[in-house]
Each structure stands twice: as C-alpha cells, then as structure tokens.
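The values are calculated or read from the model by the stated rules, or taken from the named source; none is laboratory data. Computed from a prediction, not measured in an experiment: that's the story for all the values here. Here the Cβ positions follow ideal geometry from the backbone for every residue, glycine too, while neighbour counts run over all protein chains shown. The protein model used for the area step is the full one, side chains on, heavy atoms only, and it has no ligands, DNA or RNA in it. Shrake-Rupley method; radii C 1.70, N 1.55, O 1.52, S 1.80 Å.
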Amino acid sequence: LRIYLAAKIEKWYATDYSLTKEQYQRGYLTPKPRGEHRELRMELDALVQKAEEICKRLTERFTFEKLEREMYRERGSLNDIITHFDDYIQNLRDEGRVSTADSYRLAIKSLIDFAGEGKRAKPTMLPFQTFNSVFLKRYELWMLSLGRSNATTGIYLRNLRAVFNRAINQGDISSEFYPFKKGSYKIPTSRNVKKSLNREDLKTLYTYEIPEESEMTKARDFWFFSYQCNGMNFRDIAELRYKQITAKSFSFIRRKTINTAKDDPRLIVIPLTEKIRAIIEKYGNPKKQKDQYVFPIFTSGMTEEEKLRANRNFIRFVNQHMNKLAKLAGLDINLSTYVARHTFTTSAIRSGASMEFVQETLGHHSMSTTQNYWAG
C-alpha cells in the first residue's frame, strides 16, 4: 500500500502478499479475475478499503503513526488500557527514561491486581470505560487497605491520567470516557512533609567525629556535596563528566527536565569551592578524561537499566549510612538524599536569597515546585 500525505510525502506498507508478475497481473490487474485469482483480488481490495476508511476517519488529525496503529492493531486493543500502558512504557524505555517507565509499570501492575482481585485470573485486557469514578474511589480505598500511602496512590493515578490523555490525543478513545474531569474524580494528594535541617543540625552532622575510613564518612561527603551544589540530585551527580568541569565551576542540565523542558533547558552552574573541589579530588576517577564520569558510580557502556540500578544502590547506601550518623549524633530525623535538596532551598531563602533566585539555582521551571521545597 502506498499512502500519500502530501504531494511529496508518502509511505509504503507491506501487505504480506508475495506474488509472481503473472499472479499479480491475473489477480489484481485483470478487471474480472477468476478462481483463486478472484479470491486474491478480494483480499487485496479489502486491504485497500480498510486503509481508505481509516484515512477518511483521520482526515483532520492524520499521521502515519495513527494510521499504522489502526491498520495493524486489533481494533479492541485501541480501547485497552493495558496495551496503551505497554506502548508508553516501551516508548519511555526507547528514550532512556527507565525510571519513569518503571513507575508506569508498577502503576498498571497495581491496577491489574485490583481489577483481578477475587477472580481466578488477572485480566489481560481492561477497557478504558472500566476506570470510572466509582472504580477509582474503590481502588484508592484498596490501596489504603494494603498500607500504601496517598503519595504512592497519587503517583499511580497520575500515570493513569497521563495514559488517558495520550489515548485521547491519539484519537483512540473518546474524551467522554475521561474520569478526571473537573467535578468528577479527584486524585488524592499527600501533605508535603517538608524536611530540612537548621544550621545547628548541619554543623552537628558535619563535625561529628567518625573514622575517616568509615562508610558513614563517604556517605556524609556525598550528602554534603549535594547540599553544597545547590541540592544537586544524585542522578545528576552520577552523570557528571569531567568535560563539564572548568577551572572555576561545573555546569549541568538536570536529567529530570531533559525530556520535559527541551525548549527551555535550565543550565545550572556550580562554583568550584574548596570543599566541592576536595570531594571531586577525593572520590573522582583518577584518569580525569573528558568523557569519563567524575565519580565511579557509573561506568562507560552501562545500559539505562544498569544505570538505574547503580544509582538506586548508591542512594540506598547514602541514606542508610546518613541515618546511622544522624542516630549517633542524636538527630531525630530520617536523613535521605532529598533532605539535602530541601535543606539547601530553606537555607538559601532564610539567608536572604529571593525565591526567583533559588528557582534558577534548583533548575525548576515552576515556582510552585520551588515553594514545595521550602520549609518556611
């Protein structure tokens, strides 16, 4: 099949038929084919008719991707939310967004588990119409009964909402099925418990005596490295390469915003203070080649899945040993890598920095995101 979008834009699609020249002439070019050639002609005409009907239906919003989806996918799967989740998860993986893909994988797994509760087998297909406000409220209560937090439930349902929006934008389902309209179902939100340390707590952590060779020392060094680098996310620390470092500073674009802010990437510049430089010298790779990672958290040739595991393991290491240190130092707080980012934000604002300045240093596009980091 040859499909024309414009005078010079066309795309070819295989029909899975392989014919000799004679078969093609007798089966398709002959006005009134007979016998087996007549049957072949009917099958080929049916393909053309199907493509024409789809093109007419997509006239105002035609793309080759939409044509392919309707032409080669079973019609029922267009209304199947599991299929749509799987497609989007694969797209995220193809883009290297493995962590986000994993979040969507967990979301659809949870929704399937709920839909299949009490049944012999878990459903392999879930129509979009299933997810009305009654279903979602029951799902919310079910998650609470399992001990899941509102935060986790909210993440899964926001992923569901994104898949709904994507399916509607692609023209696969009608917007009348959308359960998140104003006045309908509202996704639960969790109260943001702001975690930050004051100056005394920071001093206690920084000066508490522990053996230099202790793993707590390494965890503390990287925690304070994050804090001193504008609350730098640990994935960005792991991705840092020597080519990003100059004599007086280093710069980076937050990995979290690379795909969501392509038109307006925020370059974050970190001055190389003595303390920051000392951490790089202490833990950095000795060869210092331009394309080499600064810290031996990632290695060249790692897949995105391997990077995700390595980063999670390193964060777990830091969190585990920082909590040990906090307990020894007499601090009653659950110390995570996120606390370093919250603490930087709060310290900067309390020291007189404007909210707009802090927004820039954190690389946020939304002021409300920055405000959520501020302990007040």
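Between the residues Phe62, Tyr72, Gln49, the greatest Cα displacement towards the positive end of the dipole of the range 43-85, with unit charges on the Cβ of Lys, Arg, Asp and Glu, is found for Phe62.
Its Cα centre serving as origin, the chain has a Cβ charge dipole (Lys and Arg +1, Asp and Glu -1) of approximately 400 debye. Legend: calculated FRET efficiency, Thr30 to Thr189, from the Cβ-Cβ distance at R0 = 51 Å, rounded to 0.05, equals 0.15.
Applying both filters, DSSP loop and at most 12 other Cβ atoms within 10 Å, to the GluC sites (Glu not before Pro) of the range 22-128 gives Glu74, Glu117.
Counting only C-alpha contacts under 8 Å and six or more residues apart, can you give the relative contact order of the range 1-131 as a whole percent?
In percent, rounded to a whole number, it is 14.
Per-residue extension of 0.36 nm, minus the Cα-Cα distance of Glu304 and Asn91, leaves a gain of 75.3 nm for this segment.
Listed options for log10 I(q)/I(0) by the Debye sum over Cα atoms at q = 0.09, 0.10, 0.11, 0.13 Å⁻¹ are (1) -0.73, -0.85, -0.96, -1.18; (2) -0.66, -0.77, -0.87, -1.05; (3) -0.75, -0.83, -0.92, -1.06. The value calculated from this structure is the one marked (1).
Assuming R0 = 30 Å, can you tell me the calculated FRET efficiency for the pair Glu60 and Leu1, based on Cβ-Cβ distance, to the nearest 0.05? Once rounded, the FRET efficiency stands at 0.90.
In the chain, the longest principal axis of the Cα atoms and the axis of helix 35-57 are about 50 degrees apart. Over the residues of the chain, the helix contribution to mean residue ellipticity at 222 nm works out to -16500 deg cm²/dmol, using -39500 (n - 2.57) for each DSSP H run of at least 4.
Other residues lying with their Cβ under 9 Å from the Cβ of Tyr293 contribute a combined charge of -1, Lys and Arg counting +1, Asp and Glu -1. Using a cutoff of 8 angstrom between alpha carbon atoms and counting only pairs six or more residues apart, the relative contact order for the range 39-108 works out to 19 percent. Gain on full extension, evaluated as 0.36 nm per residue between Ile253 and Ser214 minus their Cα-Cα distance, stands at 10.8 nm.
A full extension of the chain between Arg266 and Leu144 corresponds to an added length of 40.1 nm, given 0.36 nm per residue minus the alpha carbon distance. Against the chain, whose longest principal axis is taken from its Cα atoms, helix 98-115 shows a tilt of about 70°. Debye-formula intensities of the range 1-64, expressed as log10 I(q)/I(0) at q = 0.25, 0.28 Å⁻¹, are -1.06, -1.19 (one equal scatterer per alpha-carbon, no solvent). Summary of packing: across the peptides 172-183, 101-112, the per-residue average of other C-beta atoms within 10 Å ranks them, highest first, as 101-112, 172-183.
Quick one: angle between helix 81-94 and the longest Cα principal axis of the chain, in degrees between 0 and 90, rounded to 10, please. The two axes meet at around 60 degrees.
Neighbours of Ala310, meaning other residues whose beta-carbon lies under 13 angstrom from its beta-carbon, give a summed charge of +1 when Lys and Arg score +1 and Asp and Glu score -1. The residues of the chain have, on average, 59 Å² of accessible surface per residue, using a 1.4 Å probe with all protein chains present.
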